[in-house]
1. Here are the criteria: (1) under 27 Å from the mean Cα position of the chain (by Cα); (2) outside any loop (DSSP other than H, G, I, E, B); (3) surrounded by 12 or more Cβ atoms within 10 Å (Cβ to Cβ). Tell me which single one residue 267 does not satisfy.
2. Of the residues in segment 451-467, how many are open to solvent by less than 60 Å² (accessible area, probe 1.4 Å) and over 25 Å from the mean Cα position of the chain (by Cα)?
3. Pick from 254, 258, 228: which is over 21 Å from residue 450 (Cα atoms), touching a Phe, Trp or Tyr at 6+ places or on another chain (Cβ under 8 Å), open to solvent by less than 10 Å² (accessible area, probe 1.4 Å) and in the same structural domain as residue 375 (by TED's automatic domain parsing)?
4. Give the residue, chosen from 381, 426, 363, 421, that is within 20 Å of residue 347 (Cα to Cα) and open to solvent by 30 Å² or more (accessible area, probe 1.4 Å).
5. Would you be able to tell me the number of residues in segment 373-407 that are outside any helix (DSSP H, G or I) and either within 22 Å of residue 84 (Cβ to Cβ) or in contact with an Asp or Glu (Cβ under 7 Å, 6 or more places away or on another chain) (or both)?
6. Residues 320, 305: which one is open to solvent by less than 50 Å² (accessible area, probe 1.4 Å) and modelled with pLDDT under 90?
7. With respect to residue 347, determine if the residue is in contact with a Ser or Thr (Cβ under 8 Å, 6 or more places away or on another chain) and assigned to a loop (DSSP other than H, G, I, E, B).
8. I'd like the full set of residues that are of a type in the set (Val, Ile, Thr) and closer than 20 Å to residue 212 by Cβ, limited to segment 270-283.
Amino acid sequence: MRRVATRDRSTAGAPAALGVLLLAVLFLLAVPGTARAAVAGCVADAATGCINGTIRTADQQPAVGVVLDVEGPGGTTQATTDAEGRWTAAVTEAGEYTVTLDEATLPAGESLRNPDQNPRTVTVALGSSTGALFPLGAAAAAGGGGSDEDPDAAPDPESTAPAEDAGEVGAPVGASESGSFSWGRLAQQATSGLVFGVLLALAAVGLSLIYGTTGLSNFAHGEQVTLGAIVAYLAVQSFGLPLLVAGVVAVLVGAASGWLQDAGIWHQLRKRRVGTTQQMIVTIGLSMALQYTYQFFFGGGALRIVTTTPTMLTLGPVRISATSLWSLLIAVVVLAGVAYFLLGTRIGRATRAVSDNPALAAASGITVERVVRLVWVLGAALAALGGVLMGLYLNATSWNMGGALLLLMFAAVTLGGLGQAFGALAGSIVIGLVVEMSNLVIPSDMRYAGALLILILVLLLRPQGILGRAERIG
């Protein structure tokens, strides 16, 4: 029988280094007000409300340079759509505001679908975002391409999911009905689904590794995603670090949080032989505590890691931002590195051995607790990286972004096979494609329902998942 062993390496300096990282996190959490003040554009908070939207032409291209005047209790301001057709206006007093679109600034050949609804009156509350819709195109077009697909460019604090970039990932939660079918739209949604699925896989692989080695369903894993995005936001907006450096800091902080969680909570519970069901309940409580901690310090508004308008690229019928392409490349490289770690290194093979059979792995000379600690660190680091890239992709993060994505992560892990890292990758891509391409046939605010329906069908028809192995009972 082949023995799988790991090299015993000294980790004497690890607690000190991770303690320094923890102090850095606590310091970052202590300056949320400074972070908000550094953000350009409109971010809803206790003293600010936002009116925003996206204006697209009848053929779904951004309407650039359209001017809108906003008038109300807080005075008069003006907004202009950017390269993606987005516009936003900040107000400092709650109440009713009149939004008037200057039709003379519309692109050539475009007109309002409902001219009698210009100007529009919206009610704005401080601390929230309100959309003002100005769909373009012929009035006879049903549910179609000229609709204003992104009434909330920034997440509403009452929303259960972060708003997404309509130019990249389809209509966000709460957007208009799905439009008519076209091959160009099919290609756009398929590309969006692929990118979304690969980014989702970064977090899902860590969740799967933790389940595989410990048997624990970690409901607080989504908050590791949020942590990565928030740390990157603070590093860029509060401390002025370059985005690449901010991403590295976020990953290090995520890895440190994984080490601290296992050392302070999960290792202690395993020593006391607390069952996985009780541990799962602890993860639910930890998830709620972390979510409301984020909300307390950073509010319910949008947190934009970068506030500059991304460069949009046109690849045939597909439009995608340069940021999304870089995020996709980084995610693919990291996932390839994880695959090499699991297949080509001794500690990776030890990790797979612990996942398959902890007792047999221990009998083979593997230090199971050391492997589990490593998995927690790796899983948290991957989740943090996923949070950074997802925050860039969705163009904003919020206190509950990870929680909103958690069910999709569980669906991906279950679809691929519980405890199977490569299965989590395959399941994430399937979930991403289903979520985005479902916009072709169902309203966009129901798109997560399709992914969860797949989860139910998998449990009924193939409980072991795509790459999982059926277990013999009895």
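1. It is condition (1) that residue 267 fails.
2. Restricting attention to segment 451-467, the residues satisfying the condition of being open to solvent by less than 60 Å² (accessible area, probe 1.4 Å) are 451-452, 454-455, 458, 464-465.
This time we only want the ones that are over 25 Å from the mean Cα position of the chain (by Cα), so: 464.
Within segment 451-467, residues that are open to solvent by less than 60 Å² (accessible area, probe 1.4 Å) and over 25 Å from the mean Cα position of the chain (by Cα) number 1.
3. When all the criteria are applied, what remains is 258.
4. Working: 381 fails: open to solvent by 30 Å² or more (accessible area, probe 1.4 Å); 426 fails: within 20 Å of residue 347 (Cα to Cα); 421 fails: open to solvent by 30 Å² or more (accessible area, probe 1.4 Å).
Result: 363 is the single residue among 381, 426, 363, 421 that is within 20 Å of residue 347 (Cα to Cα) and open to solvent by 30 Å² or more (accessible area, probe 1.4 Å).
5. Residues of segment 373-407 outside any helix (DSSP H, G or I): 394-400.
So of that shortlist, the ones also either within 22 Å of residue 84 (Cβ to Cβ) or in contact with an Asp or Glu (Cβ under 7 Å, 6 or more places away or on another chain) (or both) come out as 394-398.
Of the residues in that region, 5 qualify.
6. Values: 305 fails: modelled with pLDDT under 90.
Testing whether each residue is open to solvent by less than 50 Å² (accessible area, probe 1.4 Å) and modelled with pLDDT under 90 leaves just 320.
7. Details: in contact with a Ser or Thr (Cβ under 8 Å, 6 or more places away or on another chain): yes; assigned to a loop (DSSP other than H, G, I, E, B): no.
It is false that residue 347 is in contact with a Ser or Thr (Cβ under 8 Å, 6 or more places away or on another chain) and assigned to a loop (DSSP other than H, G, I, E, B).
8. Taking segment 270-283 first, the residues of a type in the set (Val, Ile, Thr) are 274, 276-277, 281-283.
Selection gives 274, 276, 277, 282, 283.
The values are calculated or read from the model by the stated rules, or taken from the named source; none is laboratory data. As the structure is a computational prediction, the values presented were derived from the model and not from experiment. For neighbour counting, all protein chains shown are included, and Cβ atoms are generated from backbone atoms with ideal geometry for every residue, glycine included. Side chains included, ligands, DNA and RNA excluded: accessible areas come from the protein's heavy atoms. Shrake-Rupley method; radii C 1.70, N 1.55, O 1.52, S 1.80 Å.
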